[in-house]
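Only one structure is covered here, and it is reproduced in the block below.
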Amino acid sequence: VVDVFSKKRRSEVMSRIRSTNTRPEKAVRAMLHKMGLRFRLHGDLPGKPDIVMKRHKTVVEVFGCFFHRHLGCKLVSTPASNVRFWQAKFRRNVERDKANRKALRRMGWRTVVVWECELRKPERLERRLRKAFGLGDR
Ligand SMILES: [Zn+2]
């Protein structure tokens with residue numbers, strides 16, 4: 001892939017991309033759709049989950065490993081400068097995720113988290129999701 005943007009232009013473009021419509025999220029949506037699952041986007045539920053499956057009373061959250069701190073993941077690092085700022089930010093993210101999951105659980109909803117790194121092995125991810133939704137192997 002040729003990088004058509006200059007560094008400055010790229011950061012402008014990136015800053016305009018909303019975190020609600022990321023490439024990993026689109027890939028997961030396409031995968032679920034292919035599996036025959038139907039869903040809505042950003043339902044009116046705690047944390048405005050990415051993908052809402054009413055029939056399964058399940059939300060699917062697609063998390064970036066870095067910002068949501070995927071435990072033990074290679075994509076997780078802490079920037080060398082502004083360490084305290086980043087640590088506080090990461091802590092807030094993780095706590096927010098936890099609180100949302102808890103609130104959803106109290107309402108009878110299940111949360112399935114898909115980590116960004118899992119998209120590197122789509123067959124494996126698809127198997128996991130088929131299992132999570134009781135679809136069995138193909
Ligand atoms: Zn990861």
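Of the residues making up region 52-96, just one is under 16 Å from His42 (Cβ atoms), within 16 Å of the ligand (Cβ to nearest atom) and either without any contact (Cβ under 8 Å) to a residue 24 or more places away in the chain or in contact with a Gly (Cβ under 8 Å, 6 or more places away or on another chain) (or both), namely Glu61. Filtering region 104-119 to residues that are basic (Lys, Arg) and either in contact with a Lys or Arg (Cβ under 9 Å, 6 or more places away or on another chain) or within 15 Å of the ligand (Cβ to nearest atom) (or both) leaves only Arg110. You will find that of His56, His70, the residue that is modelled with pLDDT of 90 or more, assigned to a loop (DSSP other than H, G, I, E, B) and surrounded by fewer than 18 Cβ atoms within 10 Å (Cβ to Cβ) is His56 and no other. Selection of region 94-118 for residues being crowded, with 16+ Cβ neighbours inside 10 Å and in a helix (DSSP H, G or I) yields Asp97, Asn100, Arg101, Leu104, Glu116, Cys117, Glu118. Inclusion of Gly43 among residues that are in a loop (DSSP other than H, G, I, E, B), touching a residue at least 40 places away in the same chain (Cβ under 8 Å) and of a type in the set (Gly, Ala, Ser) is not warranted.
The values are calculated or read from the model by the stated rules, or taken from the named source; none is laboratory data. Remember, predicted model here, so these are calculated numbers, not experimental data. A quick note on method: Cβ atoms are made from the backbone with ideal geometry, for glycine too, and the neighbour counts reach across all protein chains shown.
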